[in-house]
Each structure stands twice: as structure tokens, then as C-alpha cells.
1. Could we say that R515 is in contact with a Ser or Thr (Cβ under 9 Å, 6 or more places away or on another chain), under 22 Å from L316 (Cβ atoms), crowded, with 24+ Cβ neighbours inside 10 Å and not aliphatic (A, V, I, L, M) here?
2. Could you check segment 129-165 and list, in sequence order, the residues that are out of contact with any strand residue (DSSP E or B) (no Cβ under 6 Å at 6 or more places or on another chain) and either crowded, with 19+ Cβ neighbours inside 10 Å or closer than 23 Å to T506 by Cβ (or both)?
3. If you check S538, S508, which single one turns out to be part of a loop (DSSP other than H, G, I, E, B), touching a Ser or Thr at 6+ places or on another chain (Cβ under 7 Å) and either of a type in the set (S, T, Y) or surrounded by 20 or more Cβ atoms within 10 Å (Cβ to Cβ) (or both)?
4. I'd like to verify a number: residues in segment 99-120 that are on the phi > 0 side of the Ramachandran plot and of a type in the set (A, V, I, L, M), how many?
5. Kindly check whether there is at least one residue in segment 404-414 that is among the hydroxyl-bearing types (S, T, Y) and either open to solvent by less than 10 Å² (accessible area, probe 1.4 Å) or farther than 27 Å from F261 by Cβ (or both).
6. Between F342, F384, F292, F349, which is at pLDDT 95 or above and under 21 Å from A437 (Cα atoms)?
7. Give the residue, chosen from S217, S228, S246, S299, that is over 24 Å from L358 (Cβ atoms), out of contact with any helix residue (DSSP H, G or I) (no Cβ under 6 Å at 6 or more places or on another chain), among the small types (G, A, S) and at pLDDT 95 or above.
8. From the list Y264, Y303, exactly one residue is without any contact (Cβ under 8 Å) to a residue 24 or more places away in the chain, among the aromatic types (F, W, Y) and either under 23 Å from I487 (Cβ atoms) or open to solvent by 30 Å² or more (accessible area, probe 1.4 Å) (or both). Which is it?
Amino acid sequence: MLHPRSCLAPFVLAAAMSVTGQQFENVLATSGIEFHHEASKTPRKYLPETMGSGVAVFDVNTDGRMDVFFVNGAKLAFPQPHGAEPSKSDPRYWNRLYLNRGGMRFEDATEQYGVQGRGYGMGAAVGDYDNDGDPDLLVTNIGTGDVPAAVLYRNDAGKAFTDVTRESGIDARGWATSAGFFDAENDGDLDLLVLRYMQWTFSQDHRCGMEASYGRSYCHPDLFPPESSLFFVNNGDGTFMNASESSGIGAHPGKGLGLAFADYDTDGWIDIAVANDSHPQFLFRNRGDGTFVEEALISGTAYDGDGDEFAGMGILFDDLDQDGQPDLLVTTLSQERYALFFGMGEGQFDYSTGRSGLGSATQLLAGWGLAAFDADADGTLEVFFANGHVMDTIEYSQPHVSYRQSPLLFKFVERRMANISESAGSVFAATWASRGAAIGDLDGNGLPDIVVSNLDGAPYLALNTTETQNHWVGVALVGCESNRDGIGSQLVLDRQSGPTQYRTVTRSGSYLSARDPRAFFGVGEDVGDFRLEVHWPSGRTSVEQNLQVGRVNLVSESAECTGR
């Protein structure tokens, strides 16, 4: 039964009518990107065939332009032999890296950088784990045979990647999904968390669906046991130690798909939020002593407003309403409504899906990747959702639900979400089976763009073509005592007009994907008199008052590490 339209609908509609300037255009056809995700669908309908893959936006060669990396599937047999490695020998199944050559033109550099990959790929994570100034890459897989579930590529001066998985000590098995780098100990070295979906193998897959009506279908995750996440502590010498059990994280098996980081209790230690599929959500509070305690239930984020589990897939852990408290936003399956939890302080959250107007707009949708950013530099945030149902037979059993779905764009208006999709460009009129999504400023105009990986098809590049007179301020960090990129830093921007703005520096969030780590603040008509406060993971606080509009400002933790 569908939920009735919220009584807030008139307000939301009025708000939507007042903000119609945001525009996005799919420029894939002229970009030089020729990637095509290969799900390798079989009559068996193995569950990975419908989960899709992620995308990473990062500056591989440190030339100041954001490059794009896509994760791909692999060739599956029917049936897939137990323990056999899904083949990536055919180039159509390779993971693909595209270098940004400027002017929204990209060049395939996959072979040059050696990132074709092995096995059936899932997600991508990015972090400068060795603090040498160039971003390193981690790719997650379905670990099968000799294929590890997580492969670490060291970036060698921006010219090539070297697979250092074995020597790094990262030994991950099973079905890995999202992963992320963060400094759990505030010691200046990035640690690693790898989510695993559930205990599943090609030989354990069940026979699901009703062949007499509409054929086989992908199995529900309830049929498989949950699996714990893997936590690796950076030793500071290029190696990692498995601390899954000693940290307490390994004691909580789930069905992890989405991963994000923020300091929700403002104690100076970065915490972990996990989107679990048809399982209680996780919120790991960092105790600051190398251990974590799972507090989703007592914080109010484990279930929806009715106390029910939901199919968490993508996740954001950002300050959406700009009140200084991180909020949680989780995409779900259709008929569940996307879950929005506003941070209230003191470690508590308020489930606000209905009151925000988000519920009625997402009732029939299935969401995956998502992103929060200021699309028009006016000082308030927009939220993007990539959508597409998990069941390719859904229209037979539920004719009112579509398999391919349009993306959505919302604007925050005083804790309400105004749906502005219809006026935001043709991207939002098209339909896809979308999965991973990442934001990044690809063309250097300060207005973040969106890259979306679509299941078993071509991606799309949603270029932000918004025409605005508003100004923007970009910030890129250089850590000294803290990790090189300042991941986990808390940014507070005050300006002469308009409210204070807050950001957490991260590459994580969304679904299976990694985003541009630079922070972009929309400042409207302001051109100066900014005060940026940076709370570094080391505990140091620095203040910058010479920020310039229309450029990415490099902010160092101290003068000693400016050239680090």
C-alpha cells in the first residue's frame, strides 16, 4: 500500500518552484570515455550480476585535473565452477582508467597504469596510504580462487600503479563491497575498512523465482548469513595489520554495502556508518583507543521510523542542514523510502524521512549511489540520487515499479527537501539501472559534476552547466602531523553574509565509489572576508583568512609541511 502524500507537499512544491537554476548535461558522447559495464548475466541469475560496480574520481597524476576510474565485472560461466576465477582476459571486462586531458576530454590509460584487474570487480576506494603525495587505489572484488577480495595499487609518482596487495599485508576474502581509507587513530597514517556483503559463493547460490510466471529472479539477501567487515591498521611502513577482532568491528556481522565516515559525537575521532542490506544499520563510535563500539540502536539510526529493518545500499554521512552536526542519509529499495536521520547532537539522530518530504518522492524508487554538494554555489546543498531497481523482473510482479529509473536532485530548504529534478536538465528525464556514483569538479569551474556507473551498460557524465553569478571557494588540504590529504579534517567556513558552512574532508560515501576530496563552498555574492577554521585529525586547529574565490585554495597544516 502506498503512503499518502505528506502534508508538507505544498511547501516542498513551492520551494522547488523557487530554485530552478541547476542544470546538468550528459557529455559522455564527446568525452572520450568508452567504458561499458559488463554484468555477464547468466540464466542462473547469480546475485552479483545485479549489484553493479563503483566509480572513483581522483587526480591520478597530480596535474590538478580529476581523472575517472570504473570497476567492471568479469566473464561468468553457466554454471560458474566452484572456486573458478571469473575471467577478465577479454578487454571488455577490464576495469578502466581515464585521464582527464582538459576540456572534458578523457584518454584511456588502463594499460599504461596496469589497472585492468582480476576477477569480478565491485568497488573502488582512494587514499594516500603512504603519504607520498599521490593517491593510491584499492579495488574490491568477489574473492574467488586466487583473486583477493581487496587489491591495493600503490601509485608510483603518478605514472603507474603497482599491485602491492601481498606485501602490504591486506588479506581479504569473501564478497567485498565498499571500502574506505580513514585515520582511525589520528596518527597521520590512513587505515582501511573493507565491507563484506554476506557469506555467499557461486556454488552456494539458491534457486529463486517462479519460472512458470516470469522466470528466475535474483535471490533475496535474507537467504544468506551476514558477514563481518575487515579493519586494517596502517603500520606506517607500507604495511597493514588486521585489527578486525581487536577493534571490535569484526564482532558485528552485517550485510554491508555503503560506507561513510564522520565525527558524529564531535570528540575528535572519526566514526563509521555502514549501510546494511535488509539488516540493522551500523554506527561504530570510535573510542580513540583503537576500538569501536556499535551504537546504531541507541543513536536512533539502526531502523526506520517504524522500527523496521530496511535495505540500506548507498550512504552519506554529511552535515546536510549545515548546523554543525553530521546527518545520515541512506538509499533503500522501493516501497521502503530513503532513510534520512538528522543529527541532533550528543550522539542522537532524528528519523526525518516523512517530515522532510523525501518519503513520498522515493516510495517507488530503489537508490544506490548518492552525493551532497552545492550545485549552484548559493551556500545551500543539493542531494543527488542514482536509481534503478535490483530486480529486472520487477515490472511483472509489481507493474507500478520500474526497473530502469530516473535519477533525482533535491535541494535542502530549511530541513525540507525540494525535488528540483524536472527542471535540472535532460539527465533527470532519462532512465537507467544505475549503481555507483561519485562527485568531482571535472572541468575546474567550482561546480561539482557527477559520474554514474550503470549496470550492464554505459555510464553517464552529468556535467554541471549551471549558469550562476554566485562565487565559490575551493579548499584542498596538505597535512603534516595529520595524513597527507587531511582526510577526516573538519572545515568550518564563516563569511560576511549567510550562515556558517561545515564540511568533513573525505573520499568515501555513496555506493562502491570514491569522490573528489576537495571541499567546495558556495558563497553567493561574497568575494572576501572569509574565515576558514580547520580542525585537523592531529588535534591541531588552524585558521585561514586569505581565501580567494574562484579557485582551489591550498591550505597546509603548518608552514613546515607546505612542500610535503
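1. Against the criterion (in contact with a Ser or Thr (Cβ under 9 Å, 6 or more places away or on another chain), under 22 Å from L316 (Cβ atoms), crowded, with 24+ Cβ neighbours inside 10 Å and not aliphatic (A, V, I, L, M)), R515 qualifies.
2. Of everything in segment 129-165, those that are out of contact with any strand residue (DSSP E or B) (no Cβ under 6 Å at 6 or more places or on another chain) and either crowded, with 19+ Cβ neighbours inside 10 Å or closer than 23 Å to T506 by Cβ (or both) turn out to be D130, N131, D132, G133, G143, T144, P148, G158.
3. Of the residues listed, the single one that is part of a loop (DSSP other than H, G, I, E, B), touching a Ser or Thr at 6+ places or on another chain (Cβ under 7 Å) and either of a type in the set (S, T, Y) or surrounded by 20 or more Cβ atoms within 10 Å (Cβ to Cβ) (or both) is S538.
4. 1
5. Checking segment 404-414: at least one residue is among the hydroxyl-bearing types (S, T, Y) and either open to solvent by less than 10 Å² (accessible area, probe 1.4 Å) or farther than 27 Å from F261 by Cβ (or both).
6. F384
7. Exactly one of S217, S228, S246, S299 is over 24 Å from L358 (Cβ atoms), out of contact with any helix residue (DSSP H, G or I) (no Cβ under 6 Å at 6 or more places or on another chain), among the small types (G, A, S) and at pLDDT 95 or above, namely S246.
8. Y303 is the lone residue from the list that is without any contact (Cβ under 8 Å) to a residue 24 or more places away in the chain, among the aromatic types (F, W, Y) and either under 23 Å from I487 (Cβ atoms) or open to solvent by 30 Å² or more (accessible area, probe 1.4 Å) (or both).
The values are calculated or read from the model by the stated rules, or taken from the named source; none is laboratory data. Owing to the predicted nature of the structure, the values given are computational and were not obtained by experimental measurement. With ideal geometry, Cβ positions are generated from the backbone for all residues, glycine too; neighbour counts draw on all protein chains shown. The accessibility values were calculated without ligands, DNA or RNA, using every heavy atom of the protein model including side chains. Shrake-Rupley method; radii C 1.70, N 1.55, O 1.52, S 1.80 Å.
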